[in-house]
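*Asks:* What follows is a single structure, and I will ask about it in a moment.
Where a number appears in this text, it was derived from the coordinates with a stated rule and is not lab data. As the structure is a computational prediction, the values presented were derived from the model and not from experiment. Reconstructed Cβ throughout: ideal geometry from the backbone, glycine too, with neighbour counts over all protein chains shown.
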Amino acid sequence: MTFALQPGERGVCIGQSGCGKSTLSTELVRRYLMDFPRSRVLIIDSKPRYRATHKLSGWSLHYPRWARGDTIGGSIAVHSADDVMGAYRFTRCVILQSLRPNAHEVEDFDEEAFESARKLFRSSYEDSPTLLYIDEYYDLITGGGTSGHTDRRILQTIRAGRERFNSALISTQRPRSIPLPTLTEANKYYIFNLEYEDDVAYMQKHGPRMQRTASGYNFVFYERLRGGERIEKLMRLGLHETARVA
Ligand SMILES: Nc1ncnc2c1ncn2[C@@H]1O[C@H](COP(=O)(O)OP(=O)(O)OP(=O)(O)O)[C@@H](O)[C@H]1O
Ligand SMILES: [Mg+2]
């Protein structure tokens, strides 16, 4: 049993603000890069939270104060879908960010995100598996509120990813923002504490049937195995020093 994502698997990470979703997701990204040496990762970072260490030009990237989150060593920040594939010539971890280092916002960021996801999906194959990680999925849904409407390119990527060795990890505060097929068909779930009754009820209706609930930085790891077997475990990530992996 591993709580880490394998090529072609789909994971969802849900929990209230500040419970540790992005921290856990970063760990899953790092493990993917380490466990599969020919793999590539694309982080869709709408907040933005992540810090890349390099620009596409090869120069080191120094962030102003708005960027406080995790640094992924060796990663390259890009701001348009057109730059994603080119960046993989130099790194295995590309971060598509909604803010430029000069704090100018990327226009139509969701469009760049959908197009990038499609490119990653298309470039994925057995010898070069990929992981699409979307932090704050809520930011990419359209139609307002928690309706779960999203672009069909994302849906296709997530649904057909298994055959293409394209994994997906979706992280969000509100389970309703996740397209229903993704929520019901994921292999791995990382469920932290949920803030709203509404979300708890939604997960009981559409999520996996779990016995445990998490609090603090703990999360329930739930895995659907082939043949109907299920694993459920209460876990907590121990924070430790991180290695350069990209
Ligand atoms: N397992 C852990 N042990 C100790 N501290 C943790 C753990 N996980 C996360 N933290 C800390 O908690 C804070 C919030 O974590 P993180 O940003 O991952 O939460 P989040 O769920 O992504 O929040 P948001 O919904 O606001 O994006 C960070 O300062 C992080 O270092
Ligand atoms: Mg977060």
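*Asks:* Using helices alone, I'd like the mean residue ellipticity at 222 nm for the chain: each DSSP H run of four-plus residues gives -39500 (n - 2.57), total over residue count, nearest 500.
*Replies:* -7000 deg cm²/dmol
*Asks:* With +1 on each Lys and Arg Cβ and -1 on each Asp and Glu Cβ, and nothing else charged, work out how big the dipole of the chain is about its Cα centre, in Debye to the nearest 20.
*Replies:* Here the chain has a charge dipole of around 640 debye.
*Asks:* Dipole of region 36-152, Cα-centred, from +1 at each Lys and Arg C-beta and -1 at each Asp and Glu C-beta, to the nearest 20 debye?
*Replies:* 540
*Asks:* Mind listing which GluC sites (Glu not before Pro) in region 127-230 are in a DSSP loop and have 15 or fewer other Cβ atoms within 10 Å?
*Replies:* Qualifying residues, ordered by number: 195, 229.
*Asks:* Just to confirm the filter: which trypsin sites (Lys or Arg not before Pro) across region 39-85 are DSSP coil and have at most 13 other Cβ within 10 angstrom of their Cβ?
*Replies:* The qualifying sites are 65, 68.
*Asks:* Moving to a separate point now. What are the ³J(HN,Hα) couplings of region 176-193, residue after residue, when phi is run through the Karplus curve with 6.51, -1.76, 1.60 and θ = phi - 60°? Round to Hz, x for glycine and proline.
*Replies:* In residue order, the calculated couplings are 5, 6, 7, x, 3, x, 6, 5, 7, 10, 5, 8, 10, 10, 10, 10, 8, 5 Hz.
*Asks:* Just how large is the dipole of region 186-226 about the Cα centre, in debye to the nearest 20, putting +1 at every Lys and Arg Cβ and -1 at every Asp and Glu Cβ?
*Replies:* 380
*Asks:* Then there is this: Provide the percentage of antiparallel DSSP beta bridges, counting only those with both residues in the chain; round to the nearest 5.
*Replies:* Looking only at bridges with both residues in the chain, the antiparallel portion is about 30 percent.
*Asks:* Still on this structure, I have one more. Please compute the contact order of region 31-133 in relative form: average sequence separation of alpha-carbon pairs under 8 Å and at least six residues apart, divided by the residue count, as a percent.
*Replies:* Contact order relative to length: 35 percent.
*Asks:* Name the residue, out of 218, 102, 187, whose mean-square fluctuation peaks in a Gaussian network model built on the chain with Cα pairs under 10 Å.
*Replies:* Top of the fluctuation ranking is 102.
*Asks:* Between region 49-114 and region 211-227, what is the C-alpha centre distance in whole Å?
*Replies:* Centre-to-centre (Cα) distance: 31 Å.
*Asks:* Another one. Below 8 Å, C-alpha to C-alpha, sequence gap of six or more: please give me the relative contact order for the chain in percent.
*Replies:* It rounds to 26 percent for the chain.
*Asks:* Residue 139: net charge of surrounding residues, Cβ under 9 Å, Lys/Arg +1, Asp/Glu -1, itself excluded?
*Replies:* Its environment carries a net charge of -2.
*Asks:* Here is a follow-up. Mean-square fluctuation check for the chain, GNM, Cα pairs under 10 Å: which of 30, 89, 174 is largest?
*Replies:* Of the options given, 89 has the highest mean-square fluctuation.
*Asks:* Right, another one. Just going by the charge dipole of the chain, with Lys and Arg at +1 and Asp and Glu at -1 on Cβ, which of 235, 208, 93 is farthest out on the positive end?
*Replies:* Looking along the dipole axis, the top candidate is 235.
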